[in-house]
């Protein structure tokens, strides 16, 4: 049992009570359906989505609980009420993975566990699950901590750190070591970073263009195709290398190569490459984004940074953080949870209706696209009509007691919930918490002069021009350094 796994634990409880609540949400009265104003001919609302997507999404709850928008010639329904969003996520039989987000992702990762439909998902998830159980993540934690220490050892007092490229390189090294028990040379690491960034950027623009224009040789399409081809070449090479060595390292790829489903059948080579691509893409940029935003938010909230400094000093006493330290790093992990709320990387996802159904008493036709936005749900957690105040303390009770039934659980959705909850949630939370603890134990963080950090909204919400000035801290602090009480 994971001693600390974050609020994602609540999804299991939510799934248990899902059918009754789901029926109420599906056919309940009082939910409104409306059309968003400002659609353009042919383009729909694509122009507003490209220009300022977060602001556009934030405007929709004032229109209705379910809001129809145009994405090119396609009309889709954005779910703006948390009860309805929860119903969609829990009922994967009616609302399956599909729509313009996942259609684009399938070009990159094929039928990986994150993109495949419900009819194949359970088999794949069962075969991948052993590699993401707490005992497996515990072994990965040592590699995570080692890689963070290696990265920070190169930093010098007074350095100006270009944060996002640094965290992407870190996450790439961690993924290759923990998922595939191998390392990539610096040139390949740079290629991975660049190809993943291009896939995320170009893929977002391709999601919003009309299907009739999708295959035209536009600059976005050409860059996407080149990056996608190189990305698949790198991941296929990793699979080939690990198969040829024939050594079981207990990593993700070893589980995939040796795993058998309930009928005793192994995964095919194509399925293994799809899973590797899916895990690699999710494990690099998403986690790097969370770590980057957490470091930035520490520079913007000195009180929170001071609390983290005191906690890591008291808990670690000059050591590198380990898996065993995580239950006592209560506030540090709360900062990670709040970062995921305040700057959730995945701001938009889609589902496809498999049959005619009701959602909030409104008819949804089979084959229709439903849009979910964790960003919208997290704005509701802000309680002020926007993303709200950065407040890690809202998660302290959850961090101290991983089974606490806090009211935020159903609205906190960075990993989704229900049957399609992210399989790597504990992995990502562990990496982010260990990185934040290790970095803040050694360094005080401040905004670099002239840094104009902004949110770069593409398939993920990543930071642009995020530069931080580093000031070295003593590893062992004064006797009065304190930590939150251990659970």
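Percent antiparallel among DSSP beta bridges with both residues in segment 7-472, to the nearest 5?
Taking every DSSP beta bridge within segment 7-472, about 85 percent pair in antiparallel fashion.
Expressed in nm to one decimal, what extension gain is obtained for the pair residue 40 and residue 230 from 0.36 nm per residue of sequence separation less their Cα-Cα distance?
64.8 nm
Need one number: convex hull volume per residue for segment 410-466, Cα atoms only, in Å³.
Measuring per residue, one finds 122 Å³ for the Cα hull of segment 410-466.
Return the equivalent ellipsoid semi-axes of segment 7-472 as a descending list in whole Å, where each equals the square root of 5 times an eigenvalue of the C-alpha gyration tensor.
Computed over segment 7-472, the values are 33, 27, 23 Å.
Could you calculate the contour length gain from residue 262 to residue 365, that is, 0.36 nm times the residue separation minus the distance between their Cα atoms, to one decimal place in nm?
Residue separation times 0.36 nm, minus the Cα-Cα distance, leaves 33.7 nm.
Enter the Cα centre distance for the pair segment 138-157 and segment 63-108, rounded to the nearest angstrom.
Using only Cα atoms to place each centre, the spacing works out to 38 Å.
Read-outs throughout are calculated quantities, based only on the coordinates presented, and are distinct from any laboratory measurement. All figures in this text were calculated on a predicted structure; none of them were measured in a lab.
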